[in-house]
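Novice: Encoded as structure tokens, here's the structure I'll be asking about.
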């Protein structure tokens, strides 16, 4: 007996009315693979859900890591900013220190110059008050001219036209002027002395120039530099320019003038 379309429809109707029959019939109609498909789908769904949850966890970890990275970057930026500020502060402090060092160096230089001038002034006073003790090594009967004696000598030369006002003023600027007799022949001479704690070339030049001016009075004049020490260049210049040296109490004559 053949299975007709009507029979199929009747079967469908019966299976709808009796679901348990459909469940009993299903293993005979479907393949094992199809029957296991719901379980496979359920397992796949569970695995997918698991993987999804793992992915959510990884994304959360990445988000947390990114947040930490952003925080670290922010800390680095802040640290760099602090470093730049510290570098700027150090640069400003260094500039201030350099300025203070420059000021200190200037102060030390000014102080050293002041001390040098003070020493020179004190030494000049000693040559004024103890002239014979120093200049007795060069001349006999040495006498340090007082201001009045020097003025009288210079103004007599001005009255005769031998000296100008400017030349007279230059002579007055001399540290010490001494009168005495030359040891070799007893001739009257004057010493024009420039005094410095440390004798330099300028002292030698001034002594020679002022001695030349005082010689306009008709007197024999010897230029002299005096001090505690002398720079080598000044010592050489004094010897070649016919300038005597009184260095720490020791008289050093110039080199004899060369004959023409």
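Bear in mind these aren't lab numbers, they're just calculated from the coordinates by the rules spelled out. Model, not experiment: these values are computed from the prediction. Every residue, glycine among them, receives a Cβ derived from its backbone with ideal geometry; neighbour counts consider all protein chains shown.
Novice: Taking the beta-carbon count within 10 Å as an exposure proxy, list 185, 202 from fewest neighbours to most. All intermediate terms of the calculation are to be shown ahead of the outcome.
Specialist: Values: 185 7, 202 13.
If I rank by nearby Cβ atoms, fewest first, I get 185, 202.
Novice: Quickly work out the residue 128-to-residue 94 label distance, labels modelled 7 Å from Cα along the C-beta direction, and quote it in nm with one decimal.
Specialist: Here the answer is 5.2 nm between the modelled labels.
Novice: At R0 = 35 Å, how high is the FRET efficiency between residue 56 and residue 85 if r is their beta carbon distance? Nearest 0.05 is fine. Walk me through the numbers on the way to the answer.
Specialist: Details: r = 43 Å, r/R0 = 1.22.
Taking R0 as 35 Å, the efficiency between residue 56 and residue 85 is 0.25.
Novice: Exposure proxy check: 236, 244 ranked by fewest other beta carbons within 10 Å? Working shown, then result.
Specialist: Details: 236 14, 244 21.
Lowest count first: 236, 244.
Novice: Continuing with this model, one more query. Determine, for 158, 138, the number of other Cβ atoms within 10 Å of each Cβ, and report the residues in order from fewest to most. The partial results should precede the final answer.
Specialist: Details: 158 16, 138 20.
Listing 158, 138 from fewest to most nearby Cβ atoms yields 158, 138.
Novice: Here is a follow-up. Taking the simple approach of a point 7 Å from Cα along Cα-to-Cβ for both residue 169 and residue 219, what is their distance in nm?
Specialist: Taking the two extended label points, one gets 2.2 nm.
Novice: Relative contact order (percent) for the range 130-252, with alpha-carbon contacts under 8 angstrom and 6 or more residues of separation?
Specialist: Working: 227 pairs, mean separation 27.0, N = 123.
With pairs under 8 Å counted, the relative contact order is 22 percent.
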